[in-house]
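Trainee: Quick one: the structure is below, and I'll ask about it shortly.
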Amino acid sequence: MIDALATGYVYAIIVAMMMASLFVLLTTGNLIRKMIGLSLFQTTAGLFYIALSKVGGGTAPIIIDAESAVGQARAARLDPAYVEHFGVDGVVYGNPLPHVLILTAIVVGVATLSVGLAIAVRVREAYGDTELDAVRRADAAASEPEPPGPRGRPNA
Amino acid sequence: MIGLEFLNIAPQRFAEQAPALVVVGPLIAACAAVLAPGRRWAWFLCVGASAFAFWMAVVLASEVARQGVISYAMGGFPAPLGIEFRVDALSAMFALLISGMAVLTAVFSGESLETEIMSSKHPLMQGGFLTCLAGLLGLVLTGDAFNAFVFLEISSIGVYAMIAMGGARDRRAYPAAFNYLIMGTIGATFYLIGVGFLYAATGTLNMADIAARIPTLTSDRSIEVGLAFILIGLALKAAVFPLHQWLPAAYSHAPSMIVVFLSATATKASVYLIIRYLSTVFAFDWQVETAFMAFVLAPLSVAGILICSMQAAVDPEIRRILAYSSVAQVGYMTLAIATATSAGVSAALFHLFNHGVMKAALFMAIGGAAIHLKSQRLSDFAGAAKSAPWTMTAFGIAALSLLGAPLTAGFLSKLRLIQSLVAADWGWAAAVIGLSSLIGVFYVGRIFEVVFFRSEPEGGSAVREAPVSILLPLWLLAIANIWFGIDATIPLGLAESAAGAVMGATTLSPAGAP
Amino acid sequence: MTTGPGNDPRDPQGAAEDGENWREEERARPEHPLSVMLFSWMRTETFLRLFIVGVGVVSLGAVVAEWVLSLQSGEPSKRLIGFYGIFGGLAFALAVLAGWPLGAALRRPETHYDPPQHDKADAAAKGGADE
Amino acid sequence: MSELFGMLASGTNPGFVLLVAGVMAALIRPTALRGVVLIGAPVLALLMVLYGPGWGVDAARTDLLGLQLSLYRIDSLSFVFGLAFVVATGLIGIYSLHRREPLEDGAALIYAGAGLAAVFSGDLLSFVLWMELTTLASTAILLSRRTAAANRAALRYFAMHMISGLLLICGVAVIAMDRGTIEFVQLGPMRDGLLVGILDPSEPGGALFLAGLGIKAAFPIVHAWLKDAYPEASETGSVALSVFTTKLAVYALVRCFAGFEPLIWVGAIMTVFPVFFAVVENDLRRVLAYSLNNQVGFMVAAVGVGGELGVNGAALHAFTHIIYKSLLFMSMGAVLLRTGTTKASELGGLHRTMPFTSIFCLIGAASISAFPLFSGFVSKSLIMTSVEYAPGVYIAWLGMMFASAGVLEHSGIKIPYFSFFSHDSGKRPEEAPFNMLLAMGAASAFCIGIGVAPVWLYELAPYREAALEYLGVDLFSAKHVLHQVQLLGFAIFAFLLLKRMHLYPPERPGVILDADWLCRDLGPASWRGIGSFWERASARRARVSEAVDRWRDWLVSQCGPSGWIARRASVSAGAIWTVIILGATLAVIYGAVR
C-alpha cells in the first residue's frame, strides 16, 4: 500500500480535482455552486481513500469461491500471472477497509449536502437571492439605518 | 477524582457498558424526540437523555479514576480491526463537561425555545440537540481516528441545522449556518484526508495503534502531511484564528439554546481532538510538532487573542462581543498547549473547563433576557440590572469571571495560564495574556456600564426577569463560577489528571511555593 | 439621585438656573435659631476688628511666651524666637498670593475638558448607545 | 453563642463580613432593612477586630494553586488601619441612610470590606487581590453617580488603577520568583518587633511594587486621578472614596518600605504642591481632594523616616486623617445635597440655615489644620518631629512646615469660609438630614475626643511604648504647643490682613490644569501636532490632523462589525486562510524535518 503512493498519476489527478473543487469554493458566491464545489471536494477525499486501497494487480475485494462455477469464471478474468503465482485461492484483493470507510463518508457527505441545500432554499426564501454578496449587502443595508432585525415573529 | 463518585450507583453491567451507553442513550433519545407527540414530551426526553448521559459520564469518570484507561470494543470486535472506545482521564473530563453542560442546556431550552422557535418544531430542535450531544460524546470517547470523523460530522450536521432554525427570528442565521456548513465541512474533509495519509503510512486507524507504529517507520512524508491536514482541519472546527470566521455570525444569530451549548462544548471538543493528536497519536517532543506549535499555533493564538479582543471591545452587539471573546479564549488555550509542557496542557484544560462554565452562563443570561428583548444590541440592555436583577447579577458574575476578577473561576485559570507560560519561559506570551486582559477590561467594562449603571430608556427597559427554569441553571453556573474561583479542586483535579493521562505525571511547581 | 438637578459640575448654566428657582422659595426659610445664637453677632464690623486684634495678640503672646520660656530654661533656643510665627505667616501669604499668577496661568473655562461634539467615536467606544 | 462568635472572629477576616453585607445591601430594596445592614455589618466587624486572634498569628491560611496565602493576620500596625476603616465604614453607613441607592451602598460596603481584608492580609498576593477588588468597587461607586462626567472620570480612574494593579501584580510575581515567598513573615525580618520595611526597592520586584503603590498613594505627577475622580462621586460616594485607597497604599508603604529615605522627599513634595492648586481651585470637594493628597504626603514622609516615631506617625495620622477627612467630605456632601453644587463661587452664607453642618465643618477644619486640642495636632506632631530629627532632610521639613500653613489655608479656612460664611450667596438651603448630622457629629466627637485625650489614640500605636513616651514628654510640652499656636496664629492673621487688603484671589469658576493635562490635553494635542507637522511636511493638504484626531474612529472601523477584519470574514476568505495556513504548516514542517 505504501508503494501505492509512489505510483503517481492517480494522486496527481486527485490533487488536481481537489484544487479545482477548492477553486470553485473560493471563487463563487452562489450557494448552489458552493455546495457543488463542496461535494466535489468531499468526493476527491473519497477517491483518495479508494486509490490508497488499490493493491497493484489486486482484484476488487470480493471473496472468490474457487470451487463454484461462478468463481471459476471470475478467476479466469484475473491476471494469469497472479493466478499462476498464488493460485485461485490466493487471489490478491484490494484493501476493503477504505471502501467501507468511504461508504460511511459518502453518507456523511450526502447528509451535509442535503442540509446545505435546505439552508440554501431558506436563504433564497428569506433574501430572494442565492448570491452571498447580495445577502451580505441586504444585511448591511438592514443594519445601517436602524438596529437590526427584531422580527420576533415565531416560526412561520 | 471528581467528588461525584456517589452517583456511581449503577449496577456493574451498566458500568461495563457505560462507554457505549453514554453515546447510544442520547442517539436513541434523539430519534424518539423527533417522533415525540408534543414539545413537552420532547423536552422531557431531552432533559432525561442528557441527565442519563451525564450519569453515565460520571460512572465512566469514576471507573477511570479507579482502574485507569478503559478500553471498550464496540460491538465486540476487538481493536485494531473493530472500533475501540478508549476512555482515559482526558476523555472522561470532556465527557463530564459536555454532558453536564447538556443537562443545563436542556433545562434551559424549555422556556427559551418557547419564544424563539415555533412550538411544532421543538421536537426537531431537541432531536438535533441530542444528535449533537451524542456526536460530541462519541468524539471524545472514541479511540478510532476515522470514527472520530464520523462523530465530528454527526455533531456538526446537528449544529448546522439548529443554527439555521434561528432564521425564523433573525434571517441572518441562514447565511451564518451556511457559512458554518461550508467551513465545517472543509475542516472535516481536511481531517479525513489527514487520516487517510496516516492510514496510508501505518495501515491502521486505531489511534493507539497509529501511535505505536509511527516510531517504527522510517521518515515518511505522509505522516507529516497527515499531521498538517488533521491539525488544520481541527483548527477550523475549533475556531482558531483566523479560521474562526464562521463563529461570530453563527453565535450571534442562532437560537440561544444552541449558542449556550456550542459555546461551552463544541469548539472545546475539537480542542480535545487537537490535544489528543498532539499528545497521544504523535509525540509532543517530535521536532515537527514543536516546529508547528512554535511557528504556526503560537503566532496564530497570539494574533487571535489580540485582534479578537479588540473586535470584542468595539462591537455593538452583545452576543457577537461574547463570540469574539470566545475566539480569543480559544487562543489562550492553544497558546498554553503550544508550550508543549504538561503544565501548559493542564492549564489549557483548566481554562477550557472554566471558560465553558462562564460562557454558558453569559449566553444563558442573554438568552433569558432575549425572551422579552428581541434586540441584541448592547445599548438595548441599558438599565437591565434594574428590571431583571437576578438574571443580570448572574450575568455580571460570569462577566467578572470572563474578565478574570479575583474570587472567580476566570481568575484562577488566567493565573494558571500565566504560571504555565512563565514556567515554560514564554514570558512574552504571559505578557500577551496580560495585555488582552487589559483589553478585556474594556469590553467587560462596557457591558457593565450599560447593564448596571446606565439608566433605563424611556418607558422602561425591555429586559424582563427570566423564568425559573432558566434562572435555575443560570444561577447554578454563576455560583459555580464563584465556587470554582475559591475552591478549584474539581476542575483542577480533572485538568491535572487529564493532562497527566496524556502527558505523563504533571507537576507544576508554582512560583513562591517553599 | 437625591441631589437636585444641575449638580453636574460641567453644567454651570443648569446650576445657575436652578439657583434662581431655589432662591424664590428659599428666601422664605428663616435663619436657624442656633445660627442666630452662634454666628449672627460675628457679622458686625466691630467683631471683625476685635477678632483681628485678638488673633494678633494671641500670636504675639505666644512669641513672648516662648521667649520667656527660653529665658527660664536657660538652654539656648535651637531656632530664632518666633521662627514658627514668622514662617507661618510668610508661608501663608506666599501660598495665597501665588494664587494670582497660578490662576491666570492654569485656569481654563469649565467646558475645557468636555468632549468635542463631533467625536462620535468616543461615544461609540463608550457603549454604542448614542448611535 | 459567644464561643461561636469567638470562632468566627478568630478565623475569619472581618473584611468578609463587610463583603457579604455589601452584596446583601446591593440586593435589599427596603431602605430600613438596608440601614440595618449598613450599620450592623461595621458593628459586627468592629467586634471581630477587637476580639480577633492574637497579634502575629496566621489565623486563616489557604492555598491558591500552590501559593500559600495568609488571609487573616493582625498585628499592631494593621490593627490601627483596620480599626480606622471599620469606624469610617460605620460613619459612612449612618451618613448614607437617607439614600435610595442600593447599588452604591453595596459598592461602598464591598469597597470597605475589600480594604479591610487587604489590611488584614498576611501576604503580598492576597493584599494585591483585595486591592484589585477595591478598584472595582470604587469604580462602581463613581459610576453610580450616573452622570456623564462621573462616567468619564470613572473610566479614567479605572484605567489608572488597572495600570497600578498590573504593576503590583507584576511586582508580586517577580518577588515570588526572586525570593520564593510572598508572605510578610518570610519576606523580611522584624524591625523592633514589627514587620515593617520588608521589601527592598532596589530589587526589580520591590521597585515594581513601589511604583504600583505610588500610583495608589497619588505620588506627584501620578496624583491627578485623585483630584479628577473623587469630586465626581456622589455626596456619600466621595466620603467612602476618601477613606480607603490612599490609606491602603500608606499602609502597604509602611509595611514594605518603611525607612526608605527618598520617600521623605516624595512626601514633602506631595505636601507642598497641592497647596498651590488648592488655592486656585473653585470646586470645594476638589480642594478637599488636593488636601487629601497633601495629607497623604505627610504620611509618606513619615514612612520615609521610618523607625518607631515615623511608623507611629504614619499610622496614627492615617487614623485621625481618615476621620477628619471623611468629616470634611461629609460636610461638603451635605452642602452638595442641599444646594446641588460645591463651587466656592456659588456658595457662601450657608451658616444661616445649616448651623450644625457649619460647626461640624469647622471642627473638621480645625482638626486638619492641627489646632491643639484637635485630632490632627495629635498625630501630625509625631510626623513633624520625626522629620525634624531625621538627618539631612531639613529642606523637606521646611517644605512640610510650609505645607502646614497651606493646609490651614485651603482646608482650615477656604472650605468652611467660602461655603458657610464669606459673602451671602442668597441660598437658604435646609439643614442636612438627621442621619448626616449624626454621622458628622460622631466624627466630630472623635476629632475632639482624640484631640483632648490623645492617650486613647496613642494606646493604639504600632509602637505603643514609644508613642506613650512621646505623649508624656513632647506632645503637650509648652514649647511645642506655643510653636503651633504661633504658626497658626500668624497664618490666620495673614489671612485676615490679605482679605482686608483685597489681596486674596477671588473664587472664579473654571477648570484648573494639573498633571492630568498630560494625558487629557497634551496627548491629544501632540497627536494633532504630529498630524499637522506631517501635513506641512508632505505639502499635500490632506486632512492628516483630522485623521489623527479620529484614530478611534479608525479602530472601530477596523475592528467593528462592518470593519476591515470582519468584512473579509467571508466563506471564501475562510477557505483561503485555510489553504494559506496549510501551506505555512507544510513549509514549517518540511523545514523542521530537513
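The values are calculated or read from the model by the stated rules, or taken from the named source; none is laboratory data. Given the structure is predicted, the values throughout are model-derived calculations rather than measurements. In this analysis, Cβ positions are derived from the backbone assuming ideal geometry, glycine residues included, and neighbour counts consider all displayed protein chains. Keep in mind that these areas ignore ligands, DNA and RNA; they rest on the heavy atoms of the full protein, side chains included. Shrake-Rupley method; radii C 1.70, N 1.55, O 1.52, S 1.80 Å.
Trainee: Sort out which residues of the stretch D:146-165 are within 9 Å of chain B (Cβ to nearest Cβ) and not in a helix (DSSP H, G or I), and write them in order of number. Before the answer, list the steps.
Mentor: The first filter runs over the stretch D:146-165 and keeps only residues within 9 Å of chain B (Cβ to nearest Cβ), leaving D:146, D:151, D:154-155, D:158-159, D:162-163.
Result: D:Arg146, single match.
Trainee: For residues that are within 13 Å of another protein chain (Cβ to nearest Cβ) and assigned to a loop (DSSP other than H, G, I, E, B), tally how many sit in the stretch D:339-377.
Mentor: Count: 12.
Trainee: How many of the residues making up the stretch B:20-41 are crowded, with 17+ Cβ neighbours inside 10 Å, modelled with pLDDT under 85 and in a helix (DSSP H, G or I)?
Mentor: The qualifying residues number 1.
Trainee: Would the stretch B:258-273 turn up any residue that is more than 30 Å from B:Phe395 (Cβ to Cβ) and within 13 Å of the chain's Cα centre (by Cα)? Don't jump to the end; show me each part of the working.
Mentor: Start the filter on the stretch B:258-273 by keeping residues that are more than 30 Å from B:Phe395 (Cβ to Cβ), which leaves B:273.
Subset that is within 13 Å of the chain's Cα centre (by Cα): B:273.
Yes; the residues of the stretch B:258-273 include at least one that is more than 30 Å from B:Phe395 (Cβ to Cβ) and within 13 Å of the chain's Cα centre (by Cα).
Trainee: Restricting attention to the stretch B:406-454, and to residues there that are within 15 Å of B:Ala480 (Cβ to Cβ) and facing another protein chain (nearest Cβ under 10 Å), which single residue is nearest to the chain's Cα centre (by Cα)?
Mentor: Keep residues of the stretch B:406-454 that are within 15 Å of B:Ala480 (Cβ to Cβ), which gives B:407-413.
The next check asks that each one be facing another protein chain (nearest Cβ under 10 Å); those that pass are B:407, B:411-413.
Numbers: B:Leu407: 23, B:Phe411: 19, B:Leu412: 18, B:Ser413: 15 Å.
This residue is B:Ser413.
Trainee: Answer yes or no as to whether D:Ile512 is among the β-branched types (Val, Ile, Thr), touching a helix residue (DSSP H, G or I) at 6+ places or on another chain (Cβ under 6 Å) and modelled with pLDDT of 85 or more.
Mentor: Values: among the β-branched types (Val, Ile, Thr): yes; touching a helix residue (DSSP H, G or I) at 6+ places or on another chain (Cβ under 6 Å): yes; modelled with pLDDT of 85 or more: no.
It is false that D:Ile512 is among the β-branched types (Val, Ile, Thr), touching a helix residue (DSSP H, G or I) at 6+ places or on another chain (Cβ under 6 Å) and modelled with pLDDT of 85 or more.
Trainee: I've got another one for you. Could you tell me whether the stretch B:348-368 includes any residue that is more than 18 Å from the chain's Cα centre (by Cα), open to solvent by 10 Å² or more (accessible area, probe 1.4 Å) and in contact (Cβ under 8 Å) with a residue 12 or more places away in the chain?
Mentor: no
Trainee: For the stretch D:166-198, what are the residues that are at pLDDT 85 or above, within 14 Å of chain B (Cβ to nearest Cβ) and either in a loop (DSSP other than H, G, I, E, B) or surrounded by 22 or more Cβ atoms within 10 Å (Cβ to Cβ) (or both)?
Mentor: Residues satisfying the conditions are D:Leu168, D:Ile169, D:Gly171, D:Val172, D:Ile175, D:Ile182, D:Glu183, D:Phe184.
Trainee: Further, regarding this structure: Mind listing whichever residues of the stretch B:71-105 are outside any helix (DSSP H, G or I) and either open to solvent by 30 Å² or more (accessible area, probe 1.4 Å) or without any contact (Cβ under 8 Å) to a residue 60 or more places away in the chain (or both)?
Mentor: Here is the first cut: in the stretch B:71-105, the ones outside any helix (DSSP H, G or I) are B:71-73, B:77-88.
B:Ser71, B:Tyr72, B:Ala73, B:Phe77, B:Pro78, B:Ala79, B:Pro80, B:Leu81, B:Gly82, B:Ile83, B:Arg86 - these are the residues of the stretch B:71-105 that are outside any helix (DSSP H, G or I) and either open to solvent by 30 Å² or more (accessible area, probe 1.4 Å) or without any contact (Cβ under 8 Å) to a residue 60 or more places away in the chain (or both).
Trainee: Still on this model: Which of the numbered conditions does D:Thr62 fail, given that it passes all the others? Conditions: (1) surrounded by fewer than 23 Cβ atoms within 10 Å (Cβ to Cβ); (2) within 24 Å of D:Ala315 (Cβ to Cβ); (3) of a type in the set (Val, Ile, Thr).
Mentor: Among (1) surrounded by fewer than 23 Cβ atoms within 10 Å (Cβ to Cβ); (2) within 24 Å of D:Ala315 (Cβ to Cβ); (3) of a type in the set (Val, Ile, Thr), the lone unmet condition for D:Thr62 is (2).
Trainee: Moving on to the next point. Of the residues that sit in the stretch D:386-408 and are within 13 Å of chain C (Cβ to nearest Cβ) and modelled with pLDDT under 90, which one is surrounded by the most Cβ atoms within 10 Å (Cβ to Cβ)?
Mentor: At the first step, the residues of the stretch D:386-408 found to be within 13 Å of chain C (Cβ to nearest Cβ) are D:388-389, D:394, D:397-408.
In the following step, the residues that additionally are modelled with pLDDT under 90 were identified as D:388-389, D:394.
Values: D:Glu388: 16, D:Tyr389: 12, D:Tyr394: 11.
The extreme case among them is D:Glu388.
Trainee: Go through the stretch B:333-346 and give me each residue that's away from every other protein chain (no Cβ under 12 Å), open to solvent by less than 10 Å² (accessible area, probe 1.4 Å) and not hydrophobic (A, V, I, L, M, F, W, C).
Mentor: Of all residues in the stretch B:333-346, those away from every other protein chain (no Cβ under 12 Å) come to B:333-342, B:344-345.
With the extra rule that they be open to solvent by less than 10 Å² (accessible area, probe 1.4 Å), the set shrinks to B:333-338, B:344-345.
B:Thr334, B:Gly344 - these are the residues of the stretch B:333-346 that are away from every other protein chain (no Cβ under 12 Å), open to solvent by less than 10 Å² (accessible area, probe 1.4 Å) and not hydrophobic (A, V, I, L, M, F, W, C).
Trainee: On to the next question. Show me the helices (runs of 4 or more DSSP H) entirely contained within the stretch D:434-510 in which 2 or more residues are facing another protein chain (nearest Cβ under 9 Å), within 19 Å of D:Ala370 (Cβ to Cβ) and open to solvent by 20 Å² or more (accessible area, probe 1.4 Å). Can you show your working first?
Mentor: On the way: elements: D:434-452, D:455-459, D:464-470, D:478-500.
Result: D:478-500.
Trainee: Mind counting the residues in the stretch B:311-332 that are assigned to a helix (DSSP H, G or I) and either open to solvent by 10 Å² or more (accessible area, probe 1.4 Å) or out of contact with any Cys (no Cβ under 8 Å at 6 or more places or on another chain) (or both)?
Mentor: So the count comes out to 14.
Trainee: Also, I was wondering about something else. Filter the stretch D:32-55 for residues that are touching a residue at least 40 places away in the same chain (Cβ under 8 Å) and not in a helix (DSSP H, G or I); which is most open to solvent (accessible area, probe 1.4 Å)?
Mentor: D:Tyr51
Trainee: Enumerate the pairs (first residue in the stretch D:269-295 and more than 11 Å from chain C (Cβ to nearest Cβ); second residue anywhere and charged (D, E, K, R) and surrounded by fewer than 24 Cβ atoms within 10 Å (Cβ to Cβ)) with beta-carbon separation below 6 Å, excluding pairs fewer than 6 apart on the same chain, so at least 6 apart or on different chains.
Mentor: Short answer, once both residue conditions are applied: none.
Trainee: What helices (runs of 4 or more DSSP H) completely inside the stretch B:172-248 contain at least 1 residues that are in contact with a strand residue (DSSP E or B) (Cβ under 8 Å, 6 or more places away or on another chain) and facing another protein chain (nearest Cβ under 7 Å)?
Mentor: The helices (runs of 4 or more DSSP H) meeting that bar number zero.
Trainee: Sort out which residues of the stretch D:448-466 are closer than 20 Å to D:Ser477 by Cβ and among the small types (Gly, Ala, Ser), and write them in order of number.
Mentor: If the condition is that a residue be closer than 20 Å to D:Ser477 by Cβ and among the small types (Gly, Ala, Ser), then D:Gly451, D:Ala453, D:Ala461, D:Ala466 are the ones that fit.
Trainee: Sticking with this structure for a sec: Among the residues of the stretch B:292-310, is any open to solvent by less than 10 Å² (accessible area, probe 1.4 Å) and outside any helix (DSSP H, G or I)?
Mentor: no
Trainee: Next question. Looking at the structure I just gave you, is D:Tyr324 under 16 Å from the mean Cα position of the chain (by Cα), more than 14 Å from every other protein chain (Cβ to nearest Cβ), buried (at least 24 other Cβ atoms within 10 Å of the Cβ) and of a type in the set (Phe, Trp, Tyr)? Working first, answer last.
Mentor: Values: under 16 Å from the mean Cα position of the chain (by Cα): yes; more than 14 Å from every other protein chain (Cβ to nearest Cβ): yes; buried (at least 24 other Cβ atoms within 10 Å of the Cβ): yes; of a type in the set (Phe, Trp, Tyr): yes.
Here the answer is yes, as D:Tyr324 does meet what is asked.
Trainee: Would you say B:Glu456 is farther than 20 Å from B:Ser342 by Cα, of a type outside the set (A, V, I, L, M), in contact (Cβ under 8 Å) with a residue 24 or more places away in the chain and surrounded by fewer than 17 Cβ atoms within 10 Å (Cβ to Cβ)? Quick ask: steps written out before the conclusion?
Mentor: On the way: farther than 20 Å from B:Ser342 by Cα: yes; of a type outside the set (A, V, I, L, M): yes; in contact (Cβ under 8 Å) with a residue 24 or more places away in the chain: yes; surrounded by fewer than 17 Cβ atoms within 10 Å (Cβ to Cβ): yes.
Yes: the conditions hold for B:Glu456.
Trainee: Based on what the data block shows, is D:Leu109 among the aliphatic types (A, V, I, L, M) and more than 10 Å from chain B (Cβ to nearest Cβ)? If you could, list the steps in order and put the result at the bottom.
Mentor: Numbers: among the aliphatic types (A, V, I, L, M): yes; more than 10 Å from chain B (Cβ to nearest Cβ): yes.
Against the criterion (among the aliphatic types (A, V, I, L, M) and more than 10 Å from chain B (Cβ to nearest Cβ)), D:Leu109 qualifies.
Trainee: Might you let me know whether the stretch B:385-401 holds any residue that is in contact with a Gly (Cβ under 7 Å, 6 or more places away or on another chain), not aromatic (Phe, Trp, Tyr) and not in a helix (DSSP H, G or I)? I'd like the intermediate steps shown before the answer.
Mentor: Filtering the stretch B:385-401 down to residues in contact with a Gly (Cβ under 7 Å, 6 or more places away or on another chain) leaves B:387, B:391, B:401.
In the following step, the residues that additionally are not aromatic (Phe, Trp, Tyr) were identified as B:387, B:391, B:401.
Add one more test, that the residue is not in a helix (DSSP H, G or I), and what stays is none.
No, there is no match, as no residue in the stretch B:385-401 is in contact with a Gly (Cβ under 7 Å, 6 or more places away or on another chain), not aromatic (Phe, Trp, Tyr) and not in a helix (DSSP H, G or I).
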